[in-house]
Every structure is written in structure tokens, then in C-alpha cells.
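Asker: Below are the C-alpha cells for one structure; questions will follow.
The values are calculated or read from the model by the stated rules, or taken from the named source; none is laboratory data. Bear in mind that the values here come from a model prediction, so they are computed numbers and not experimental data. In this analysis, Cβ positions are derived from the backbone assuming ideal geometry, glycine residues included, and neighbour counts consider all displayed protein chains.
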Amino acid sequence: MIRASIVGATGLVGECLIRALLGHPQVKLALLVSESAAGKPIGEILPPLRGECDLTTVSAAPDEIARQSDVVFTAKKGTETFAVVPGLLKGGAKVIDIGGEFRFRDAAIYEQWYKETHACKDLLKDAVYGLPELFKEEIRHAKLVGNPGCYVTSAVLALAPFAAAGLLEDDGIVVDSYSGLSGAGRQFNTKQSNLFVDIDENLRAYGIGTHKHTPEIEMGLTRAAGKAMKVTFVPHLAPLDRGILTTAFARPKKDAGLTTAKATDLLREFYTPQRAPFVRVLNAVGDVAVSNVARNNYCDIAAQVVERTGQLVVASSLDNLVKGAAGQALQNMNLMFGLDETLGLKGRSL
């Protein structure tokens, strides 16, 4: 059995991780670490877990967490993540970080967009970007994985096949995304105004040109294309509890001869069931809906080329807490331990 611990166990992602790990046939939950709620039964903090998990949250040093764990999921941010990851790795545990601290190879990009000094620059050379559909073999051999952002997963999976095939113009790519409120976490966020009374019966764009997922989307597409790719990213808050719908727009190269049928075939060739068991390629953009991916680890994708303008439109949907966070982290864990990547994820509601 794989001994798994969670640092930051009481957040929305932490709760989803607990659910995912409890249903995994080869995992034993070891420690649920929470500095703010240490000493309390997890079912008291997260009432839906009453009768599901009898662990009590703890406060523990990194070396002690590592001693009791084979893998540790860190669901914290910035300073709190930097304070624990080196000790976890030194103690022999594998680490899957669900924040943004180990996604970029270049610390300067992190510091520019996250407005915080990167305190673990020496670890970045060994960190692997955890998008299984693109970097599966690297993940298999990783000891430290930076789990992708939720918006990023939806955008990169939508556009990567076309970027990899060299079919897109380098500029003019627009990623238009809508996310449910759970993307902002449990606490009130002044920038996003994520109170129910603010967002109910409402839609609002935010972070245009400044959202920290922008460089991550560009990084994913650049690695797929083998050359620099730029995007305009426009995120929105939608009156949903969870889920992301992304519509990406790009200009195919004039000699690409891209049609809707060819675009759909390309997606299916790129995302075969063997290579990408959690990507479902649909026949029409109108079939992509948040309700179809709620509480599961799938990402649904469909493409259309608008004949009148030649524009490529790719829609994708996923659950921001599952494929966009905890489910993808579990998928990465499976790969890191030589297991079937679907283990503990298929046929389950999270």
C-alpha cells in the first residue's frame, strides 16, 4: 500500500483529495496536515467526511511527514509550500504540489507573475510538469511534480494537438474561460468578489493580462509547438459551484487546409484512449458542457472551423477540483508509482 499524506488537507482541494485517496485500492491515508485545525477530527472540520474518514488532523514537521509517507500532496501556496517541500524530498517522500510553485522551470517567471520570491530555485531543475497527456514518461520517473493549474489544463489540452502539428499562427490566440466559485477556494477573495451575493445571476471577467495562469498556458503550448506561443487569456467567474468551460480561438496557417472534420480527426489521433484515457473528444462544440464533467476526472473537447472566417474554435470542459486539481494529482501519483493511471478514478464521483 502507498502511504499518502496531504499538507493543507482542509481546503476544497484537500477535501477532494481525501475523497479520491479513500477510494484508491492501493493507498492508505497516513497524515492529514493542517496547522490551523490540528487536533480536530477531519469529520468535524469537513462534515461530509463523517463516517468516511476517522483521521485527526495534525501539525507535523516535514521530516516527520516524510517518515510516515511515500507520497505527499501539498495543497498550500507560496511561503507555506517552500517551507515544507525540501524537507519532504530530503526525507525520501515523493511530492505532488498542487499550487503553482513548481510548474515553471524558470524561477523568474514565477516571481514576475506570482509576485513572490521563489525560495526553492534549486529544486526546479528536477521538477516535472504534471500534465499526463503531454508529459507522461517524465512523470513516471519524477520525485517532484508541479500539478497544472485548472484553467491551464482546459486550455492546453484544447490547443496542444494543433500547436504540436504546427497548424497555428503564433499570435492571435485567445483563451476565453469560465470557472465556478470553488476555483477561488473556501475563503473570500477580494479580487474576485466570490461571495454568493456577488456572483449569483452574474458573470464577470477578471485578471485580463495579469492572471498567473497566462504564462503557464503559454509554457504548455510552447513546449507542445517547439517554439514560442503567446495567448490572450480572459478568465471569468460564473455562478457555478465547480467546473470550467474554455473556448479557445486561433488562426490556422493559410496552407493548413484545416476543416472541422480534419480538426476532429486530429484531436482523436492525438488523444487516443491509450495515451489519454481521461480526454473525451466529442463530435460538436455544442456537446461540450460542464455538467458532463462534474465530479469526474474527464476533460471533454471538441473543435470547429468556422468556414466564413477560417477561425479555429476549440471548446473544453472539466471539473476544476478534479481534473483541474485533485484528480489530476492522483493520476500523476499513479504514474509515479508504476500503476495504471486510471486507478481509483474511473467510475467514481468525487
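Asker: Among the numbered criteria (1) outside the structural domain of Arg242 (by TED's automatic domain parsing); (2) out of contact with any helix residue (DSSP H, G or I) (no Cβ under 7 Å at 6 or more places or on another chain), which single criterion is violated by Lys121?
Answerer: Every listed condition holds for Lys121 apart from (2).
Asker: Could you grab me the full set of residues in region 71-80 that are free of Cβ contacts under 8 Å to residues at least 60 places away in the same chain and either touching a Phe, Trp or Tyr at 6+ places or on another chain (Cβ under 8 Å) or under 24 Å from Gln26 (Cβ atoms) (or both)?
Answerer: Gly78
Asker: Let me ask you something else. For region 1-17, name all the residues that are farther than 21 Å from Arg295 by Cβ and among the small types (Gly, Ala, Ser).
Answerer: Matches in region 1-17: Ser5 only.
Asker: Taking the criterion of being among the basic types (Lys, Arg), part of a helix (DSSP H, G or I) and more than 16 Å from Leu134 (Cα to Cα), would at least one residue in region 236-249 satisfy it?
Answerer: No, there is no match, as no residue in region 236-249 is among the basic types (Lys, Arg), part of a helix (DSSP H, G or I) and more than 16 Å from Leu134 (Cα to Cα).
Asker: Can you name the residue in region 107-140 that is assigned to a loop (DSSP other than H, G, I, E, B) and touching a residue at least 12 places away in the same chain (Cβ under 8 Å) and is also surrounded by the fewest Cβ atoms within 10 Å (Cβ to Cβ) among such residues?
Answerer: Checked region 107-140; the qualifying residue surrounded by the fewest Cβ atoms within 10 Å (Cβ to Cβ) is Glu116.
Asker: Would you confirm whether or not region 156-164 contains a residue that is of a type in the set (A, V, I, L, M, F, W, C), outside the structural domain of Leu245 (by TED's automatic domain parsing) and either buried (at least 17 other Cβ atoms within 10 Å of the Cβ) or not in a helix (DSSP H, G or I) (or both)?
Answerer: For region 156-164, residues of a type in the set (A, V, I, L, M, F, W, C), outside the structural domain of Leu245 (by TED's automatic domain parsing) and either buried (at least 17 other Cβ atoms within 10 Å of the Cβ) or not in a helix (DSSP H, G or I) (or both): absent.
Asker: Go through region 250-272 and report how many residues are touching a residue at least 40 places away in the same chain (Cβ under 8 Å), within 23 Å of the chain's Cα centre (by Cα) and assigned to a loop (DSSP other than H, G, I, E, B).
Answerer: The total comes to 1.
Asker: In this structure, does Gly220 turn out to be part of a helix (DSSP H, G or I) and either within 23 Å of the chain's Cα centre (by Cα) or among the polar types (S, T, N, Q) (or both)?
Answerer: So Gly220 fits the description; yes.
Asker: To continue, here is another question. What helices (runs of 4 or more DSSP H), lying completely within region 1-95, carry at least 2 residues that are of a type in the set (Lys, Arg) and farther than 24 Å from Met336 by Cβ?
Answerer: Those helices (runs of 4 or more DSSP H) do not exist here; none qualify.
Asker: Can you tell me which condition Ala184 does not meet? The list is (1) farther than 24 Å from Lys115 by Cα; (2) modelled with pLDDT under 95; (3) hydrophobic (A, V, I, L, M, F, W, C), and all the others hold.
Answerer: Ala184 satisfies all of (1) farther than 24 Å from Lys115 by Cα; (2) modelled with pLDDT under 95; (3) hydrophobic (A, V, I, L, M, F, W, C) except (1).
Asker: Something else about it: Identify, from the list Asp241, Asp265, the residue that is surrounded by fewer than 18 Cβ atoms within 10 Å (Cβ to Cβ) and modelled with pLDDT under 95.
Answerer: None of the other options fit; the residue is Asp241.
Asker: May I ask you to say which residue of Gly130, Gly78 is modelled with pLDDT under 95, outside the structural domain of Ser316 (by TED's automatic domain parsing) and within 19 Å of the chain's Cα centre (by Cα)?
Answerer: Gly78
Asker: From the list Ala329, Ala302, pick out the single residue that is within 30 Å of Glu169 (Cβ to Cβ) and either among the aromatic types (Phe, Trp, Tyr) or at pLDDT 95 or above (or both).
Answerer: Ala302
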